1. Could you grab the pairs with beta carbons closer than 7 Å, sequence gap of 6+ or different chains, first residue in region 39-55 and of a type outside the set (A, V, I, L, M, F, W, C), second one assigned to a helix (DSSP H, G or I) and open to solvent by 20 Å² or more (accessible area, probe 1.4 Å)?
2. Look at residue 106 and say whether it is in contact with a Phe, Trp or Tyr (Cβ under 8 Å, 6 or more places away or on another chain), open to solvent by 40 Å² or more (accessible area, probe 1.4 Å) and free of Cβ contacts under 8 Å to residues at least 40 places away in the same chain.
3. What are the pairs, 6+ residues apart or on separate chains, where a residue within region 194-217 that is under 17 Å from residue 168 (Cα atoms) has its Cβ under 6 Å from a residue that is in a helix (DSSP H, G or I) and open to solvent by 100 Å² or more (accessible area, probe 1.4 Å)?
4. Kindly state which strands (runs of 3 or more DSSP E) lie completely within region 135-217 and contain at least 1 residues that are over 20 Å from the mean Cα position of the chain (by Cα).
5. Hey, among 28, 19, 50, which residue is open to solvent by less than 40 Å² (accessible area, probe 1.4 Å) and either over 27 Å from residue 86 (Cα atoms) or among the hydrophobic types (A, V, I, L, M, F, W, C) (or both)?
6. Evaluate the following for residue 150: is it β-branched (Val, Ile, Thr), surrounded by fewer than 18 Cβ atoms within 10 Å (Cβ to Cβ), out of contact with any Ser or Thr (no Cβ under 6 Å at 6 or more places or on another chain) and modelled with pLDDT under 95?
7. What is the residue count in region 58-96 for residues that are open to solvent by 30 Å² or more (accessible area, probe 1.4 Å) and within 14 Å of residue 35 (Cβ to Cβ)?
8. Looking at region 169-182, which of the residues that are open to solvent by 30 Å² or more (accessible area, probe 1.4 Å) and touching a residue at least 12 places away in the same chain (Cβ under 8 Å) is nearest to residue 9 (Cα to Cα)?
Amino acid sequence: MALRINDTIPDMSVKTDQGEFNLHNWIGDSWAILFSHPKDFTPVCTTEFGAVARLSDEWKKRGTKVLGISVDGVEDHKKWKADIEKAGGAAPDFPIVADDGLEMAKAFDMLPAEYVLPDGRTPADSATVRVVFIVGPDKKLKLSMTYPMTVGRNFGEVLRALDALQTTSREGVATPADWTVGQDVIVPVAVSDEDAIAKYGKIDTVLPYLRTAKLPA
């Protein structure tokens, strides 16, 4: 069964280039972004790791830990990080899981349980291992996105989605399409006009079921 929104993610021990740790313990009280890759030293993935590394301060501002996952070993990960820094202009300061035994890929349903990597494999053999997971402090899956190998992930969008998830979790609201921090949010249908006005001071009724408001500063 694939992981679904609000499922608790698997709790497992993982081996990384920064040591071994328990996944739930590592997340702790933080939010977490897990992003997975079918092979080290591949062009699209190298640019993605560089993009994530350049956003290091932004993840930290949001109390969010980052974990890369790739189905190669620790030594390859360490060597690859030098390439990532050269190409991306920033050193990755986050760990990368060495999922060469595919334990994590299978536990997170990125590959069939019976799948075995062939000898002399190429990235295409593990192409489905290109997922972004956003996980809350409660260890539940909040969002997932799966990409093909030819399309680089937009980590500006991942950051925007993280902002939306944290805001809706904290404020009990929803966000409209393309929302960014500071823009109006959607008032839940279950909240009456009177209660919404008392809370937000003013609401904009676009449709009977679509009301927006600005969050208090």
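The values are calculated or read from the model by the stated rules, or taken from the named source; none is laboratory data. Predicted model only: the values in this text are computed from it and were never measured. For neighbour counting, all protein chains shown are included, and Cβ atoms are generated from backbone atoms with ideal geometry for every residue, glycine included. Side chains included, ligands, DNA and RNA excluded: accessible areas come from the protein's heavy atoms. Shrake-Rupley method; radii C 1.70, N 1.55, O 1.52, S 1.80 Å.
1. Listed by first residue and then by second, the contacts come to 39/123; 40/76; 42/123; 46/83; 46/87; 47/87; 50/87.
2. Against the criterion (in contact with a Phe, Trp or Tyr (Cβ under 8 Å, 6 or more places away or on another chain), open to solvent by 40 Å² or more (accessible area, probe 1.4 Å) and free of Cβ contacts under 8 Å to residues at least 40 places away in the same chain), residue 106 qualifies.
3. Listed by first residue and then by second, the contacts come to nothing, as the list is empty.
4. Those strands (runs of 3 or more DSSP E) span 204-207, 210-213.
5. Among 28, 19, 50, only 28 is open to solvent by less than 40 Å² (accessible area, probe 1.4 Å) and either over 27 Å from residue 86 (Cα atoms) or among the hydrophobic types (A, V, I, L, M, F, W, C) (or both).
6. Values: β-branched (Val, Ile, Thr): yes; surrounded by fewer than 18 Cβ atoms within 10 Å (Cβ to Cβ): yes; out of contact with any Ser or Thr (no Cβ under 6 Å at 6 or more places or on another chain): yes; modelled with pLDDT under 95: yes.
Answer is yes for this residue.
7. Looking only at that region, the number is 1.
8. In this case the residue turns out to be 169.
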